[in-house]
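Novice: Handing you a structure now.
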Amino acid sequence: MKNRTTQLLLFAGLMALQPNAQAGDLFAVQVERAETISHGTIEHAVILIEGDKIVMIGEDLAIDSGIPVIDKDPGWVATPALVNPYSRMGLSSRGPSGLNPQRKVSGELYTGAISKDVLEAGVGTVGLYPAGTGIPGRAVAVRTWGSGDARILRDDVYMKAMMRSDSTSKKTWRKGFEEADEHKEKETKNREKWEKDREKLEKDAKDDDKEKADKAKEELKKPYTPLVPKPAAAAFASLREGELTALIGISKSSDYVHFLDALGEEDVQWSLHVPISRESDLFHVKEQEALKDRHVIMTPAFSYHPGTLRRRSMAAEFFSAGAKVTFVPTSDSTGAHESWLRDVGQLVRDGLDSQAALRAMTLNGAEVLRVDEHVGSLDEGKHANILFFDGDPFAATTNLEAVLMEGDFITGEVDR
Amino acid sequence: MIRFQARFVLALVALALSPSLPAFGAAPLIDDEEAAAEEEEKEPKDRYLVVLGADIHTGNGEVLRDGRLLAKNGKIVAIGYDDFEVPGLDYDREVPADERGYELEILDASNVPNGRVYPGMVAFSSSGLLGGGGDYRDSIDMFNRNMLLGLAAGITTTGQTSSTAKLKRYVPGNFSRDYDFDGVVIGGKTLSTVSWGTAASKRSAREKLAGAAAYLRTYRQWQVDVKKDKELKEPSKSGVDSTMLAVLRGEIFARFSADYQDDLSGIARVAMEFGFRPVITGCREGWVVADELGRAGAMAVLTPRTRRSKDEQLVAEGGSSIENAAILHSHGVQVAIIPGSRGIDLGGIAGRDIMHLPIEVGFAIRGGLPDDAGLASVTTVPARLLGVGHRVGTLEVGKDCDLIVTDGDLLHYQTFVQYTVVDGDLVYDKQDELYFAHIRPRDDSLLAPLVPFDPAEVPIEEEGDDEGEDSEEGDDEDE
């Protein structure tokens, strides 16, 4: 910690030496407690923010006198802004069926925006998934403010695949890999043909007929042009290579088992999305080895053991079994976002670990969206998307005092 | 009532303690990863199941008092007494289970009063037991509640619209083995419906049959002639009804839906004329024309509880009769039995849905059907109709190990299925499932303790120890 303090002093000193540095861009917030998510809780934390980034966070950091400090210790608790990795907010719910892994949600961003209430409820990042059934396309991670393409944090964050217990879903999934295989085969043949042609051209180049030789030499200069793959083939090839991840939408345990059957030996990165229904039977598969450390996106809802009124918490059970539980609001409505913390709070009061619950609303969602290097936790270098509460975020009486997004206070009256 | 409430509360306590339910704060079991990885690479171990401690009713008429049955990888390999050796029981006793080259499950039914082993029942048709639709290999819901209730009713195989499938539940706690998708569907379509309701449809069926029969005659002549003249062309099938051809060739059953004696006689006559065995569903007035149906070699799918008085304009006998199954059977008609409702019905009037196959058979027995024919009506006969008689329906060496253990005569209305085994896997244990554990509990268990007590007075951790009798059994149940 001492080392950090020195760094900070040095940094502040450097700032002072640079007359061009805008003093208004740099400020610090001191809070009673900061939940970093990535590296635990920091008591009496100081968060130094420059522009839109967190530049330093630590316990009782010494702040250079020139830097404005918002001192809310005791009182405030800081957490990263919330991340909802699965939403259609502001977008049409119509979509195609079948195999369309090339479709991008980023192409329909102009059609709608997200309500400011969602931003003010503390949600900073949203993953917009493609509408439709089968494999309808690729999601995009966006900011909850701004408009158009300026909102995009990252494109192609995951490929959505609906998996139901039926032949159609399984065939759609397998067809993607088959097309990738077909393309690979064609490509290999094409390459072989090109190489054979080359050999022939090389012979021709040594031909006595000058005209023929020159023509061959000219041909030899041309580089190999790979075949253009079908969109589905390209997408499934990048799935195999790990450039693209899949989000598998299921509704019950058997869907998951059928997905594993359809997946076979393929090695791809995937997460699960499952809305929790009243009599969810998901507990059947929670001990599955393949679900360890896997992101399982679910709604913060209780269910009942089938045929009984015995309440079960799938979130707590999956967390205990080792899955990376990730929460999304119960619906895309503004109200659901506003009550999101409260809904998760119900599960926390029922026994879900509160750190895990907070992580499930922030960093895990950011990981699903593959934007965890920018958002999802309070770390140096990440976007300054921070929520300030006047107590435990999950307590019913707690207020969200201020919302900071990329260095700007969206809500909260704050004196610097 | 108080007793019931106490049980209900206990059932909840038991649920809370049951190992499949959440255990907050419990550290996950971490196995030696390397060992686990090694395990995976190996060939799957042979899987043995031995059933003992009960009378084995093979479904062929034999009963082995206190016999033993051994299954290997889902198939029955031995039935008898101690004339065969059971691995892990007759030898390898000292070898720890994880060092054996095989897995052994012992289903000891000696704790079941009046325990009997029967073949798993075959439902001629059902709906909703598999949870899917279309191709069940890709759509089965192996966690389906209705499938569990079907297994609790003793059904292990069911006919579907165009296939025959097993009630293959995902074996609880056995996630090391992959789910056997390919074992779900065991047979294709064996029945083709022939419309027999109106004069026109009867005429049409007869014409198609005549056409197919004529074709078969020319075809057989060609088979003879082609040996002399190899150039001779096979007769054209154009205009010949392919279904009826398949029926006459014995490749598929013609299925008629008929209840009235006139219709039934007509089916019998057309079957005798063209030489095929008709399958008749309904067959309510079959008892009036049983001799004709017997001569035609008919097979009937009955619902013995059907009640309908006869058409009073008729002088002849008619209407439903409780003796229908018995009379048809005595005239040589093979009888399969199916309840009025093909689904699982948890509301309304109990006892008429697919969960009550034996009750339905009980009515036929009340009307005089012999016990063995009663058992056959829910095992071998439907298995034959569905074309899977070589795999299921009886307990014989080489057949699938699909069996149930009951606490008495299967066809007695008070009898419960205690265990159900499908393909050598124990997939239902009455004491472990919510639905019937509390009714005449087999032995002490958390879901249904023999001595009711106030859970508020009992420290939860010591649940297993505070019962006087059978406390060890109670612990076993909780494993």
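Novice: Across the range B:366-377, which residue is nearest to B:Ala123 (Cα to Cα) among those that are in contact with a helix residue (DSSP H, G or I) (Cβ under 7 Å, 6 or more places away or on another chain) and surrounded by 23 or more Cβ atoms within 10 Å (Cβ to Cβ)?
Specialist: Only one residue fits best here, namely B:Ser377.
Novice: Out of A:Glu59, A:Glu50, report the one residue that is over 27 Å from the mean Cα position of the chain (by Cα) and open to solvent by 40 Å² or more (accessible area, probe 1.4 Å).
Specialist: After applying the criteria, what remains is A:Glu59.
Novice: Could you check, for the range A:204-219, whether at least one of its residues is surrounded by 17 or more Cβ atoms within 10 Å (Cβ to Cβ) and either within 30 Å of A:Lys160 (Cβ to Cβ) or among the basic types (Lys, Arg) (or both)?
Specialist: Taking every residue of the range A:204-219 in turn, none turns out to be surrounded by 17 or more Cβ atoms within 10 Å (Cβ to Cβ) and either within 30 Å of A:Lys160 (Cβ to Cβ) or among the basic types (Lys, Arg) (or both).
Novice: Can you pull out the strands (runs of 3 or more DSSP E) entirely within the range B:69-150 that have at least 1 residues that are within 26 Å of the chain's Cα centre (by Cα) and among the aromatic types (Phe, Trp, Tyr)?
Specialist: The qualifying strands (runs of 3 or more DSSP E) are B:116-119.
Novice: Pick from the range A:331-356 the residues that are part of a loop (DSSP other than H, G, I, E, B) and within 14 Å of chain B (Cβ to nearest Cβ): which of them is least open to solvent (accessible area, probe 1.4 Å)?
Specialist: The residue in question is A:Leu352.
Novice: Note down all Cβ pairs under 9 Å where the first residue falls in the range A:32-43 and is not assigned by TED's automatic domain parsing to the domain that holds A:Arg359 and surrounded by fewer than 13 Cβ atoms within 10 Å (Cβ to Cβ), the second is among the acidic types (Asp, Glu) and part of a loop (DSSP other than H, G, I, E, B), and they're at least six residues apart or on different chains.
Specialist: Sorted first by the residue in the range A:32-43, then by its partner, the pairs are A:His39/A:Asp379; A:Glu43/A:Asp60.
Novice: How about the range A:309-330: which of its residues are assigned to a loop (DSSP other than H, G, I, E, B), more than 10 Å from chain B (Cβ to nearest Cβ) and open to solvent by 50 Å² or more (accessible area, probe 1.4 Å)?
Specialist: A:Thr330
Novice: Are any of the residues in the range A:385-393 in contact with a helix residue (DSSP H, G or I) (Cβ under 7 Å, 6 or more places away or on another chain), open to solvent by less than 50 Å² (accessible area, probe 1.4 Å), among the β-branched types (Val, Ile, Thr) and under 17 Å from A:Lys72 (Cβ atoms)?
Specialist: No, the range A:385-393 contains no residue that is in contact with a helix residue (DSSP H, G or I) (Cβ under 7 Å, 6 or more places away or on another chain), open to solvent by less than 50 Å² (accessible area, probe 1.4 Å), among the β-branched types (Val, Ile, Thr) and under 17 Å from A:Lys72 (Cβ atoms).
Novice: Oh, and also: Return yes when B:Glu317 is crowded, with 17+ Cβ neighbours inside 10 Å and either more than 24 Å from B:Ile155 (Cα to Cα) or polar (S, T, N, Q) (or both) and no when it is not.
Specialist: So B:Glu317 does not fit the description; no.
Novice: I'd like to know if the range B:151-159 contains one or more residues that are among the small types (Gly, Ala, Ser) and at positive phi.
Specialist: Yes - at least one qualifying residue is present in the range B:151-159.
Novice: Further question: Which one of the conditions (1) surrounded by fewer than 18 Cβ atoms within 10 Å (Cβ to Cβ); (2) modelled with pLDDT under 95 does B:Asp353 fail to meet, given that it meets all the rest?
Specialist: (1)
Novice: So which of A:Asp166, A:Asp117 is within 14 Å of chain B (Cβ to nearest Cβ), of a type in the set (D, E, K, R) and either at negative phi or open to solvent by 20 Å² or more (accessible area, probe 1.4 Å) (or both)?
Specialist: Criteria check complete, one pass: A:Asp166.
Novice: Please enumerate the residues belonging to the range B:204-248 that are charged (D, E, K, R) and not in a loop (DSSP other than H, G, I, E, B).
Specialist: Of everything in the range B:204-248, those that are charged (D, E, K, R) and not in a loop (DSSP other than H, G, I, E, B) turn out to be B:Arg206, B:Glu207, B:Lys208, B:Arg217, B:Arg220, B:Asp225.
Novice: Which of the residues belonging to the range A:394-410 are over 24 Å from A:Ser339 (Cβ atoms) and open to solvent by less than 20 Å² (accessible area, probe 1.4 Å)?
Specialist: Passing the criteria: only A:Gly407.
Novice: Out of (1) assigned to a helix (DSSP H, G or I); (2) modelled with pLDDT of 90 or more; (3) open to solvent by 20 Å² or more (accessible area, probe 1.4 Å); (4) more than 14 Å from chain B (Cβ to nearest Cβ), the odd one out for A:Leu153 is which?
Specialist: (1)
Novice: Quick one: in the range A:260-285, which of the residues that are within 12 Å of chain B (Cβ to nearest Cβ) and small (Gly, Ala, Ser) is farthest from A:Trp173 (Cα to Cα)?
Specialist: In this case the residue turns out to be A:Ser280.
Novice: Looking at B:Gly374, B:Gly393, B:Gly368, which one is modelled with pLDDT of 95 or more, in a loop (DSSP other than H, G, I, E, B) and under 18 Å from the mean Cα position of the chain (by Cα)?
Specialist: Criteria check complete, one pass: B:Gly393.
Novice: Could you please let me know if A:Ser238 is more than 20 Å from A:Asp255 (Cα to Cα), modelled with pLDDT of 90 or more and surrounded by 13 or more Cβ atoms within 10 Å (Cβ to Cβ)?
Specialist: Considered against the rule, which asks whether it is more than 20 Å from A:Asp255 (Cα to Cα), modelled with pLDDT of 90 or more and surrounded by 13 or more Cβ atoms within 10 Å (Cβ to Cβ), A:Ser238 comes out as yes.
Novice: Cβ-Cβ below 9 Å, separation at least six or inter-chain, first residue in the range B:126-137 and on the phi < 0 side of the Ramachandran plot and facing chain A (nearest Cβ under 7 Å), second open to solvent by less than 30 Å² (accessible area, probe 1.4 Å) and β-branched (Val, Ile, Thr): which pairs?
Specialist: B:Gly132/B:Ile140
Novice: Whether any residue in the range B:73-83 is among the polar types (S, T, N, Q), surrounded by 13 or more Cβ atoms within 10 Å (Cβ to Cβ) and modelled with pLDDT under 90 is what I want to check.
Specialist: no
Novice: Has the range B:164-175 got any residue that is under 30 Å from A:Lys170 (Cα atoms), out of contact with any Phe, Trp or Tyr (no Cβ under 6 Å at 6 or more places or on another chain), within 14 Å of another protein chain (Cβ to nearest Cβ) and exposed (fewer than 13 other Cβ atoms within 10 Å of the Cβ)?
Specialist: Yes.
Novice: Separate question: Among B:Tyr419, B:Tyr413, which is the only one that is open to solvent by 30 Å² or more (accessible area, probe 1.4 Å) and touching a residue at least 40 places away in the same chain (Cβ under 8 Å)?
Specialist: Going through B:Tyr419, B:Tyr413 in turn, the sole match is B:Tyr413.
Novice: Looking at A:Asp332, A:Asp343, which is the one that is in contact with a strand residue (DSSP E or B) (Cβ under 6 Å, 6 or more places away or on another chain), closer than 30 Å to A:Ile114 by Cα and of a type in the set (D, E, K, R)?
Specialist: A:Asp332
Novice: Applying the selection to the range B:51-62, what residues are closer than 18 Å to B:Val392 by Cα and either of a type in the set (Gly, Ala, Ser) or modelled with pLDDT of 95 or more (or both)?
Specialist: Within the range B:51-62, B:Val51, B:Ile56, B:His57, B:Thr58, B:Gly59, B:Gly61 qualify.
Novice: How many residues does the range A:286-308 hold that are in contact with a helix residue (DSSP H, G or I) (Cβ under 6 Å, 6 or more places away or on another chain), in a strand (DSSP E or B) and touching a residue at least 40 places away in the same chain (Cβ under 8 Å)?
Specialist: The number of residues fulfilling the criteria is 1.
Novice: Here is a follow-up. Testing A:Asn100 on (1) assigned by TED's automatic domain parsing to the domain that holds A:Thr245; (2) modelled with pLDDT under 90, one condition comes back false. Which one is that?
Specialist: All conditions pass for A:Asn100, except number (2).
The values are calculated or read from the model by the stated rules, or taken from the named source; none is laboratory data. Here the structure is a predicted model, which is why all the values come from computation and not from measurement. Heads up, the Cβs are rebuilt from the backbone with ideal geometry, glycines too, and the neighbour counts pull from every protein chain shown. Only protein heavy atoms, including side chains, enter the accessible area calculation; ligands, DNA and RNA are left aside. Shrake-Rupley method; radii C 1.70, N 1.55, O 1.52, S 1.80 Å.
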